[in-house]
Ligand SMILES: [Zn+2]
């Protein structure tokens with residue numbers, strides 16, 4: 001382990017240093033600890049694994065602080081941020097559209113756009129993915145909670161979710177006898193982690209006992225009638241793991257769950273890969289220093305051979321202080337970092353069936369045994 005102390009060429013704004021504290025560990029897996037020297041606006045200390053990673057770490061730090069040198073731009077544009085899982089060469093035994101078979105065989109029952117009932121083989125496969133996702137999340141020793149499907153509008157507005165995500169919400173309005181409700185106050189939660197932040201509001205997370213949560217529930221995303229298909233449902237089941245603690249803890253937890261998930265995908269032979277959602281880290285992008293431009297979301301994508309497309313079945317998200325700030329969740333005198341990993345159970349099921357078809361004799365042994 002190497003300890004380094006960095007003195008900046010000029011003092012940085014406190015907000016920029018706050019940004020550095022959240023994003024440098026996330027962008028550089030090599031960073032094991034990071035401390036902004038208190039009362040100094042031009043010094044920070046970090047610990048890393050190897051001496052030869054320090055030039056990259058410090059180039060990214062200068063970029064985050066808007067103090068990059070010309071050499072940083074050239075250097076960072078050559079450096080891949082990290083190598084992600086890629087199993088795109090895996091063979092698929094099914095290349096045709098399985099939807100007619102699923103409907104005819106009563107495996108899926110259509111009730112309207114984006115609304116399917118599940119039975120027979122689809123349900124069995126769904127239950128396999130649901131069970132295995134749960135088992136996988138338990139490996140990180142989480143606390144488990146069950147939250148309502150509805151979430152009050154004001155909790156969503158506290159974290160700016162409703163504004164930043166724009167539209168696509170499903171509003172719930174009760175209908176008490178004789179009362180006309182003009183403005184709905186509840187919506188179907190668009191992600192299952194969204195109750196965790198108000199749940200832990202105003203808590204201090206002990207540094208030696210960071211928080212890992214697992215929860216599963218029903219989510220609602222309305223993306224337009226013409227967008228709906230069995231891989232893009234109006235309502236669906238999501239399993240999530242949520243992490244709260246230091247930036248390094250959240251990063252390591254996200255990497256760990258991603259490794260568990262991709263190991264599982266490989267073991268059942270799925271043609272799948274992990275890719276960054278949104279723009280990759282690039283210092284020619286002058287806006288890198290703003291949180292909206294950080295490469296903080298990675299997706300597990302599963303190929304759909306019949307259509308030549310793919311679907312996002314899971315995502316690994318680093319929120320920095322986006323939720324901890326409005327809900328005042330802290331750690332060591334600072335806003336805590338948070339992150340989440342979400343798994344769409346119907347999407348995993350759909351991706352698996354699209355690649356393997358409905359003849360279980362042709363399935364990978366492990367899944368055939370388990371359903
Ligand atoms: Zn989430």
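Residue-wise test of (1) assigned to a helix (DSSP H, G or I); (2) within 18 Å of the chain's Cα centre (by Cα); (3) away from the ligand (no atom under 16 Å from the Cβ).
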residue	(1), (2), (3)
178	no, no, yes
209	no, no, yes
212	no, yes, no
217	no, yes, no
240	no, yes, no
253	yes, yes, no
263	yes, yes, yes
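Being under 22 Å from the mean Cα position of the chain (by Cα) and modelled with pLDDT under 90: is that true of residue 129 here? It is false that residue 129 is under 22 Å from the mean Cα position of the chain (by Cα) and modelled with pLDDT under 90. Condition (residue is on the phi > 0 side of the Ramachandran plot and surrounded by 16 or more Cβ atoms within 10 Å (Cβ to Cβ)) applied to segment 254-276: is it met by at least one residue? The answer is yes, given that some residue of segment 254-276 is on the phi > 0 side of the Ramachandran plot and surrounded by 16 or more Cβ atoms within 10 Å (Cβ to Cβ).
Which members of segment 267-297 meet the condition of being closer than 16 Å to residue 83 by Cα and modelled with pLDDT of 95 or more? Across segment 267-297, the qualifying residues are 272, 273, 274.
Just one of the listed residues (152, 100) is surrounded by fewer than 17 Cβ atoms within 10 Å (Cβ to Cβ) and within 19 Å of residue 189 (Cβ to Cβ), namely 152. Scanning segment 299-319 for residues that are in a strand (DSSP E or B), under 12 Å from residue 352 (Cα atoms) and away from the ligand (no atom under 16 Å from the Cβ) yields a total of 6. Scan segment 333-351 for residues that are touching a helix residue (DSSP H, G or I) at 6+ places or on another chain (Cβ under 7 Å) and part of a helix (DSSP H, G or I) and report the count. Number satisfying all stated conditions: 4.
Checked against (1) in contact (Cβ under 8 Å) with a residue 12 or more places away in the chain; (2) under 26 Å from residue 259 (Cα atoms), residue 135 passes all but a single condition, namely (1).
Return the residue satisfying two criteria in turn: it lies in segment 180-200 and is assigned to a loop (DSSP other than H, G, I, E, B) and surrounded by 15 or more Cβ atoms within 10 Å (Cβ to Cβ), and of such residues it is nearest to the ligand (Cβ to nearest atom). Going through the qualifying residues, I end up with 191. For segment 176-200, a residue qualifies if it is farther than 14 Å from residue 220 by Cα and in contact (Cβ under 8 Å) with a residue 40 or more places away in the chain, and the qualifying residues are 195, 196, 197, 198, 199, 200. Does residue 141 satisfy being within 19 Å of residue 338 (Cβ to Cβ) and away from the ligand (no atom under 16 Å from the Cβ)? Answer is yes for this residue.
Only one of the listed residues (354, 366) is assigned to a helix (DSSP H, G or I), modelled with pLDDT under 95 and either more than 16 Å from the ligand (Cβ to nearest atom) or within 15 Å of the chain's Cα centre (by Cα) (or both). That residue is 366.
The values are calculated or read from the model by the stated rules, or taken from the named source; none is laboratory data. In this text the structure is predicted, and so the values were computed from the model without any measurement. Neighbour counts run over all protein chains shown; Cβ positions are idealised from the backbone, glycine included.
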